[in-house]
Amino acid sequence: MKILVTIKQVPDTATQVKIAADGKSIDTTGVTWIVSPYDEFAVEEALRIKEKRGQGEVVAVSLGPDRVKEALRSCLAMGCDRAIHLNDPAWAAADTLATARALAAVVKQEGPQLVLCGRQAIDDDMGAVTAQLAELLGWPCAYWIMEEAIDADGKSVRAARQVEGGLEVFDLPLPAVLAAQKGLNEPRYPTLKGIMGAKKKEIRDVKAADLGAAPEPPQLSIVGLQALPPRPPGRIIQGDVPTAVKELVRALREDAKAI
Amino acid sequence: MPNAFWCLVEDDRNGSPKKVMAEVIGEASRLAPGRAEAVWLTDKASEAGLKQLAEWGAARVLLLEHAALAPYRSEVWVAAAAELAAKEAPKAIFAPVTSRQREFVARLAARLGVGLAADSVGFALEGDTLVATRPVYAGKLLSKVTWAKAPWVATLRPNVFRPAETQTGKTAPVERPAVATAAAQMKFVERREEVSTGLPELTEAETVISGGRGMKGPENYVILEELGRVIGAAVGASRAAVDAGWRPHRFQIGQTGRTISPKLYLGFGVSGAIQHLAGMRTSKVIVAVNKDPEAPIFKIADFGLVADLFEVVPELTKEFKKLLEK
């Protein structure tokens, strides 16, 4: 079974982000980059499916500039067999739909039985590419999955998606698209052998022209980024616990009107 | 009507719209007075639910009612909604952030070939365009985005927008267009209900209590639940507590958990790591209780107590009980 995993390289959560001179993007100087955590759940699940079935191929795909190779390399170190890098300045302003279109073109070329994605990337938190990719392919899709099991003959997948108040379980005929939620698995760390082996694995560069049509202009554009408005300074309530708690309750009721 | 602002109805799967719809309809009415329309995909809508939508200010209700629409499957919903959108040509399509709307609206935007601003916290009309504000980079920055063309598709973060006031007795025409049902590829197997805590759902609650590493163990969450029952709050946890196995993941607040925006957030033994702040920093009033005066959560807290949570929580429960009994 061939499985395609889409990943995104994002700034580490703890990294400081500064607005760049253009006012629309972040200054990437000194930023630590990681594979978006939800995408790691997707990679891990793909590797587990391959291991369980004893055969198959896991292909990691990502769209972005040259630095993205590092993220793809870490997926190869985890165990992906090869990687595809959608690397073209034509995609610099790609929104979720343009990204989904590029990924859909790759899926059509590669012909996987399953596409695994992360629930959302933790930089822009849009959480849309997975559903949009499914739509463009006309494939069934399950979001926020906590469990999956592919049937023995590889014709369908049973997936449990997280919804408010519980889990909903569906059978999806393959090919299908699944979005990984935290809790699906515990991603592995690359082994030293994996890291060494990753250096020899293929990362194929793909340009917009290789996918046929030129990217369409984005449907959603960033007008500008801005810093958060500062919160008004807080107040530390002093005193012994019973006194402080009484004052807190009074302040919440009378000053903040929050209760 | 053309140029309407659609409000996709999130319901309780039992025929009633969730109260978050008052916020969605309220915001749509503010941007487009008299042009907010409720669009409801469901297998069963109650009369009371339809009335409620009108009283929140929907100028018209478009009811897509069909057995095939439950349980929710994106492939079926998108076909039905896209066909109606082609006929009606709405100016905007709004929905609250919920697990299914997150997927459905993204897929619908792709079908319509338009942009999507997910998890928006503000809107402004600028000339003939709409600009949405949304938190990015773990909530450290705000991004302003705009659409190349209509319909402007967006999801709205719950508890952020001012809810519409109920206009008792207000009515709205209900139209029942034919539902275009696509053959479903996905087959429903079962629904597994969570063990109910009897407390509100995390993302919907007006008050949220959160317990972090300072809770010391899973057995201690009962004191937070007791406080939660007194003030009608949901109880969540930080990533540290979830990763330690003290609480199931569905209770996690933060970047890899739920994003909440309650009127009141009370954090106990929560340090305030960036990834936790990402999920709660748009809360209106933040209270932090931590023994460590250096805990980063105090930097964003409106009220802080540098104290032992195990002394504070029972005292707080007692005081709130007194207050609310009055």
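Backbone amide hydrogens, once placed in the peptide plane, bring A:VAL206 within less than 5 Å of A:HIS85, A:LEU86, A:ASN87, excluding anything fewer than 5 places away on its chain.
Comparing chain A with the 2.2 N^0.38 Å rule of thumb, its C-alpha radius of gyration ratio is 1.20 (two decimals). Taking chain B as a Gaussian network of alpha-carbon nodes connected by springs under 10 Å, the highest mean-square fluctuation of the residues B:ARG162, B:ARG73, B:ARG192 belongs to B:ARG192. The stretch B:173-198 and the stretch B:1-80 have Cα centres lying 14 Å from one another.
Relative to the dominant Cα principal axis of chain B, helix B:74-88 is inclined by about 50°.
The calculated 222 nm mean residue ellipticity attributable to helices in the protein assembly as shown amounts to -8000 deg cm²/dmol, summing -39500 (n - 2.57) over DSSP H runs of n ≥ 4 and dividing by all residues. Take the alpha carbon atoms of the stretch A:1-74, find their center, do the same for the stretch A:151-219, and report the distance between the two centers in whole angstrom. That distance is 11 Å. Between A:LYS24 and A:THR243, what FRET efficiency follows from the Cβ-Cβ distance if R0 is 41 Å, with the result rounded to 0.05? So, using R0 = 41 Å, E works out to roughly 0.25.
Backbone phi angles across the stretch A:162-174, fed through the Karplus curve with coefficients 6.51, -1.76 and 1.60 (θ = phi - 60°), yield HN-Hα couplings of 7, 10, 4, x, x, 10, 10, 9, 9, 9, 10, x, 8 Hz in residue order; Gly and Pro are listed as x. For chain B, the longest principal axis of the Cα atoms and the long axis of helix B:99-112 meet at an angle of about 30 degrees. The convex hull of the Cα atoms of the stretch A:131-221, projected and averaged over all directions, covers 9.9 nm².
Over the stretch A:2-211, what relative contact order in percent results from Cα pairs under 8 Å that are six or more residues apart?
26
Compute the helix-to-body angle for B:221-231: its Cα long axis versus the longest principal axis of chain B, expressed 0 to 90° and rounded to tens. Roughly 60 degrees between the two axes.
The peptide list B:215-221, B:32-38, put in order of mean Cβ contacts within 10 Å with the highest first, becomes B:32-38, B:215-221.
Order the peptides B:53-65, A:145-157, A:57-69 from the highest to the lowest mean number of other Cβ atoms within 10 Å of their residues. Don't jump to the answer; show the numbers that get you there.
Values: B:53-65: 22.3, A:145-157: 16.2, A:57-69: 20.4.
Ranked by mean Cβ neighbours within 10 Å, highest first: B:53-65, A:57-69, A:145-157.
Put the Cα centre of the stretch B:221-257 next to the Cα centre of the stretch B:271-326 and the gap is 13 Å.
Based on the Stokes-Einstein relation at 20 °C and a viscosity of 1.002 mPa s, and on the Kirkwood radius from alpha carbon pairs, the stretch A:17-66 is assigned a translational diffusion coefficient of 155 µm²/s. Quick one: which of B:LYS18/B:LYS291; A:LYS246/B:LYS291; B:LYS44/B:LYS326; A:LYS2/A:LYS182; A:LYS182/B:LYS44; B:LYS144/B:LYS263 span more than 30 angstrom between C-alpha atoms? Correct reply: B:LYS18/B:LYS291; B:LYS44/B:LYS326; A:LYS182/B:LYS44. Treating r as the C-beta distance of B:ALA89 and A:LYS108 and R0 as 35 Å, the FRET efficiency rounds to 0.70.
Converting the Cα gyration tensor eigenvalues of the protein assembly as shown into ellipsoid dimensions via √(5λ) gives semi-axes, longest first, of 36, 31, 23 Å.
We did not get these values from a lab; they are worked out from the coordinates using the rules stated. Nothing here was measured: the structure is a model prediction, and the numbers come from that model. Methodologically, a virtual Cβ is constructed for each residue, glycine included, from the backbone with ideal geometry; neighbour enumeration extends over all protein chains shown.
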